[in-house]
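**Student:** Before anything else, here's the structure in question.
The values are calculated or read from the model by the stated rules, or taken from the named source; none is laboratory data. Source: prediction; values computed, not measured. We place every Cβ from the backbone using ideal geometry, glycine too, and count neighbours over all the protein chains shown.
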């Protein structure tokens, strides 16, 4: 609900109430005590509902009291603005009451009370009986407004869930990539050290450290990218390829959104991690291609014994691609393994 919505209802109730009071004071009704008492209850309950000051447990009682108090004013104060209070009350019933049957029942009761009050008042100013029946119609406007607010809240909740999913994928892709790479390098260092190849083991440890530093930078960049569209895709891929000793080239040029940028970058990270895990020592090539309506990333290696992993990496990449309307394929290609991502620009 916007600020304008929050202020509009109380303003309407205040204006209608003030006009009604002035009119009743200038033209005393047939039953002054009853009319003033009903007007006071109708105004108080209408203002309480409009301002949102009613506890949840008392909401139904206040709305029902508002309708029942304002409906007889149709016949007791027919030539005043107090008549409008029943329309406001029925609209509030449709908006505030959770049960549709209860809201319609309360509004129908108010319409009948309004009609009966015109029959028994004997005032020459009373409206036709059929016009009194329209007093309950605003309940449907209130129900429509309630449904619209519920739909907006549901959409906002769905958007929050989607954003949480996107952040979860970012955390997995960035942190998982860095930790997997570090684990591979440390395992290699341990094996080399056991084989007596101390120099090569030290090199593996240094590469693990470089991956840790790179992972920290990528984490900061990912957090920054969640707030602003600042990632440069070709530069990020070139740096990623350099850190993994892979070749990289770009075909074409263009601009893509931050979602596409992150998807391409995280897919490249996952593919490089898988290549080093399942085909250690293989040559890896990254190719980024800009088409007129799409962008394509191809990560291929010449490993002979590559196989698709059983973890969440490829599943997450496919999910990310599907959410953006793209596709991801991974499998044997050429001498080794190929991962191909294609996303609409």
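**Student:** Out of the residues in the stretch 212-238 that are under 15 Å from residue 179 (Cα atoms) and in contact with a helix residue (DSSP H, G or I) (Cβ under 7 Å, 6 or more places away or on another chain), state the one that is modelled with the highest pLDDT.
**Tutor:** As a first pass, look at the stretch 212-238 and keep what is under 15 Å from residue 179 (Cα atoms): 212-219.
From the residues that got through so far, the ones that are in contact with a helix residue (DSSP H, G or I) (Cβ under 7 Å, 6 or more places away or on another chain) too are 212, 214-215, 218-219.
Numbers: 212: 83, 214: 73, 215: 74, 218: 69, 219: 71.
Among them, the one singled out is 212.
**Student:** Checking the structure you have, find out if any residue of the stretch 17-30 is assigned to a loop (DSSP other than H, G, I, E, B), out of contact with any helix residue (DSSP H, G or I) (no Cβ under 8 Å at 6 or more places or on another chain) and surrounded by fewer than 18 Cβ atoms within 10 Å (Cβ to Cβ). It would help to see each step written out before you state the result.
**Tutor:** We begin by selecting, within the stretch 17-30, every residue assigned to a loop (DSSP other than H, G, I, E, B); these are 27-30.
Now restrict to residues that are out of contact with any helix residue (DSSP H, G or I) (no Cβ under 8 Å at 6 or more places or on another chain): 27-28.
When the remaining residues are screened for being surrounded by fewer than 18 Cβ atoms within 10 Å (Cβ to Cβ), the result is 27-28.
Scanning the stretch 17-30, I find at least one residue that is assigned to a loop (DSSP other than H, G, I, E, B), out of contact with any helix residue (DSSP H, G or I) (no Cβ under 8 Å at 6 or more places or on another chain) and surrounded by fewer than 18 Cβ atoms within 10 Å (Cβ to Cβ), so the answer is yes.
**Student:** If the requirement is being modelled with pLDDT of 80 or more and not assigned by TED's automatic domain parsing to the domain that holds residue 85, which of these qualifies: 166, 146? If you could, list the steps in order and put the result at the bottom.
**Tutor:** Numbers: 166 fails: modelled with pLDDT of 80 or more.
Criteria check complete, one pass: 146.
**Student:** With (1) buried (at least 16 other Cβ atoms within 10 Å of the Cβ); (2) part of a helix (DSSP H, G or I); (3) in the same structural domain as residue 60 (by TED's automatic domain parsing) as the list, and residue 126 as the residue in question, which single condition is left unmet?
**Tutor:** (2) is the only condition that residue 126 fails.
**Student:** Looking for whichever is outside the structural domain of residue 278 (by TED's automatic domain parsing), buried (at least 22 other Cβ atoms within 10 Å of the Cβ) and assigned to a helix (DSSP H, G or I) here; the options are 151, 108, 89. Which one fits? Spell out the reasoning first.
**Tutor:** Working: 151 fails: buried (at least 22 other Cβ atoms within 10 Å of the Cβ); 108 fails: buried (at least 22 other Cβ atoms within 10 Å of the Cβ).
Within the list 151, 108, 89, the selection yields 89.
**Student:** Does the stretch 312-321 contain at least one residue that is in the same structural domain as residue 219 (by TED's automatic domain parsing), modelled with pLDDT of 85 or more, more than 17 Å from residue 181 (Cα to Cα) and surrounded by fewer than 23 Cβ atoms within 10 Å (Cβ to Cβ)? It would help to see each step written out before you state the result.
**Tutor:** First pass over the stretch 312-321, keeping only residues in the same structural domain as residue 219 (by TED's automatic domain parsing): 312-321.
From what's left, modelled with pLDDT of 85 or more: 321.
Of the ones still in play, those that are also more than 17 Å from residue 181 (Cα to Cα) are 321.
Next, from what is left, pick out any that are surrounded by fewer than 23 Cβ atoms within 10 Å (Cβ to Cβ): 321.
Yes.
**Student:** Picking from 275, 282, which residue would you name as being crowded, with 23+ Cβ neighbours inside 10 Å, in contact (Cβ under 8 Å) with a residue 40 or more places away in the chain and in contact with a strand residue (DSSP E or B) (Cβ under 7 Å, 6 or more places away or on another chain)?
**Tutor:** On the way: 282 fails: crowded, with 23+ Cβ neighbours inside 10 Å.
Testing whether each residue is crowded, with 23+ Cβ neighbours inside 10 Å, in contact (Cβ under 8 Å) with a residue 40 or more places away in the chain and in contact with a strand residue (DSSP E or B) (Cβ under 7 Å, 6 or more places away or on another chain) leaves just 275.
A quick yes/no check of all residues on (1) outside the structural domain of residue 100 (by TED's automatic domain parsing); (2) closer than 30 Å to residue 318 by Cβ:
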| residue | (1), (2) |
| --- | --- |
| 131 | no, no |
| 191 | yes, no |
| 197 | yes, no |
| 214 | yes, yes |
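**Student:** Which condition from (1) within 31 Å of the chain's Cα centre (by Cα); (2) within 22 Å of residue 107 (Cα to Cα); (3) without any contact (Cβ under 8 Å) to a residue 12 or more places away in the chain is the one that residue 7 breaks?
**Tutor:** Just one mismatch for residue 7, condition (2).
**Student:** Now for a separate question. Which one of these is surrounded by 20 or more Cβ atoms within 10 Å (Cβ to Cβ) and over 45 Å from the mean Cα position of the chain (by Cα): 45, 35?
**Tutor:** On the way: 45 fails: over 45 Å from the mean Cα position of the chain (by Cα).
None of the other options fit; the residue is 35.
**Student:** Return yes when residue 276 is at pLDDT below 80 and assigned to a helix (DSSP H, G or I) and no when it is not. Write out each step before concluding.
**Tutor:** Details: at pLDDT below 80: yes; assigned to a helix (DSSP H, G or I): yes.
Spelling it out, residue 276 is indeed at pLDDT below 80 and assigned to a helix (DSSP H, G or I).
**Student:** Another one. Do we have any residue at all in the stretch 41-48 that's within 17 Å of residue 9 (Cα to Cα) and part of a loop (DSSP other than H, G, I, E, B)?
**Tutor:** There is no residue in the stretch 41-48 that is within 17 Å of residue 9 (Cα to Cα) and part of a loop (DSSP other than H, G, I, E, B).
**Student:** Taking the conditions exactly as written (in the same structural domain as residue 181 (by TED's automatic domain parsing), at pLDDT below 85, assigned to a loop (DSSP other than H, G, I, E, B) and under 30 Å from the mean Cα position of the chain (by Cα)), does residue 308 satisfy them or not? First the steps, then the outcome.
**Tutor:** On the way: in the same structural domain as residue 181 (by TED's automatic domain parsing): yes; at pLDDT below 85: yes; assigned to a loop (DSSP other than H, G, I, E, B): yes; under 30 Å from the mean Cα position of the chain (by Cα): no.
When the stated conditions are applied, residue 308 does not pass them.
**Student:** Across the stretch 23-32, what is the number of residues that are under 13 Å from residue 72 (Cβ atoms) and modelled with pLDDT of 90 or more? First the steps, then the outcome.
**Tutor:** Keep residues of the stretch 23-32 that are under 13 Å from residue 72 (Cβ atoms), which gives 29-31.
Next cut, modelled with pLDDT of 90 or more only: none.
Number satisfying all stated conditions: 0.
**Student:** So which pairs qualify, if the first residue must be in the stretch 109-122 and touching a residue at least 60 places away in the same chain (Cβ under 8 Å), the second must be crowded, with 17+ Cβ neighbours inside 10 Å, the Cβ gap must be under 7 Å, and the two must be at least 6 apart or on different chains?
**Tutor:** 121/75; 121/76
**Student:** Could you list, in sequence order, the residues of the stretch 323-335 that are touching a residue at least 60 places away in the same chain (Cβ under 8 Å) and under 20 Å from residue 275 (Cβ atoms)?
**Tutor:** Within the stretch 323-335, just 328 meets the criteria.
**Student:** Out of the residues in the stretch 253-264 that are in contact (Cβ under 8 Å) with a residue 40 or more places away in the chain and not in a loop (DSSP other than H, G, I, E, B), which is farthest from residue 238 (Cα to Cα)?
**Tutor:** It comes out as 259.
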